[in-house]
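**Q** Quick one: the structure is below, and I'll ask about it shortly.
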Amino acid sequence: MKLEVVVADGASAALLATLHGQCFSDAKAGGGDGGWDQDAFARLLAMPGAFALILGLGDDGVVAVPTGFALVRAIGGEGEIITLGVLPDRREKGGGAALVGAIAAKAGEMTAAHLFLEVAEDNSAAIALYKSTGFVPVGRRKDYYQPKRDAGDDVTSMIDAIIMRRDL
Ligand SMILES: CC(C)(COP(=O)(O)OP(=O)(O)OC[C@H]1O[C@@H](n2cnc3c(N)ncnc32)[C@H](O)[C@@H]1OP(=O)(O)O)[C@@H](O)C(=O)NCCC(=O)NCCS
């Protein structure tokens with residue numbers, strides 16, 4: 001089996017919610033870390049221009065073992081990566097880059113000229129992925145994300161979001 005990325009169909013909301021929960025279980029902040037359930041994904045997928053991708057191991061355009069996902073919206077000539085993740089034990093094997101490549105291809109087909117996203121400034125893995133797939137920083141949203149807190153933490157500072165853009 002090899003890495004495959006497929007477009008999720010309308011029945012994939014439950015799988016997307018499961019993957020989202022697993023991919024963000026260890027994330028510190030931001031990037032869709034909101035405990036989105038199946039209903040939330042169903043509502044998001046119903047938005048005009050929204051689509052989701054499933055990453056996984058498989059063959060011939062079929063994913064047998066899901067290992068990641070992305071949720072994207074492409075409308076009005078622009079695409080936005082709403083959230084994206086790879087399972088913790090499947091990272092640093094090219095899955096994130098495969099997702100971004102498939103996002104760019106599909107958003108381009110939907111006539112998007114650019115892709116945008118927001119990423120927490122302390123999310124070094126995601127920033128490395130986006131820089132290596134052609135995104136450049138174009139702005140900053142101050143105090144955009146609330147840090148995830150463990151019991152006993154007295155962290156109070158918010159985390160800035162970096163806005164990144166890639167031309168298609
Ligand atoms: C960010 C994330 C999707 C990256 O997925 P991945 O499958 O590990 O990415 P890839 O293996 O395709 O790596 C892409 C590039 O990023 C680099 N990279 C990935 N993880 C890294 C890390 N922890 N530290 C440094 N660089 C890293 C890779 O070395 C590679 O760089 P290269 O192209 O120069 O070789 C994954 O870490 C993740 O799911 N994180 C939790 C959810 C999250 O933060 N999502 C993004 C929200 S905006």
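The values are calculated or read from the model by the stated rules, or taken from the named source; none is laboratory data. In this text, all values refer to a predicted model and were calculated from it rather than measured experimentally. FYI the Cβ positions are ideal-geometry reconstructions off the backbone, even for glycines, and counts take in every protein chain you see.
**Q** Just checking, how many residues over region 106-141 are over 22 Å from G76 (Cβ atoms) and among the charged types (D, E, K, R)?
**A** So the count comes out to 4.
**Q** Any residue in region 32-48 that is away from the ligand (no atom under 16 Å from the Cβ), modelled with pLDDT of 95 or more, over 19 Å from R91 (Cβ atoms) and assigned to a strand (DSSP E or B)?
**A** no
**Q** Name the one entry in A125, A102 that is small (G, A, S), surrounded by fewer than 20 Cβ atoms within 10 Å (Cβ to Cβ) and more than 18 Å from I54 (Cα to Cα).
**A** None of the other options fit; the residue is A125.
**Q** Picking from F51, F69, which residue would you name as being at pLDDT 95 or above, crowded, with 21+ Cβ neighbours inside 10 Å and aromatic (F, W, Y)?
**A** Within the list F51, F69, the selection yields F69.
**Q** Return the residue satisfying two criteria in turn: it lies in region 128-153 and is in a strand (DSSP E or B) and modelled with pLDDT of 95 or more, and of such residues it is surrounded by the fewest Cβ atoms within 10 Å (Cβ to Cβ).
**A** Within region 128-153, the match that is surrounded by the fewest Cβ atoms within 10 Å (Cβ to Cβ) is K142.
**Q** I need the strands (runs of 3 or more DSSP E) fully contained in region 56-125, keeping only those with at least 2 residues that are farther than 15 Å from A8 by Cβ and within 16 Å of the ligand (Cβ to nearest atom).
**A** Answer list for region 56-125: 78-86, 114-120.
**Q** Same structure again: Output the residues belonging to region 126-148 that are away from the ligand (no atom under 11 Å from the Cβ) and touching a residue at least 24 places away in the same chain (Cβ under 8 Å).
**A** Listed by number, the residues that qualify are V136, P137, V138, G139, Y144, Q146, P147, K148.
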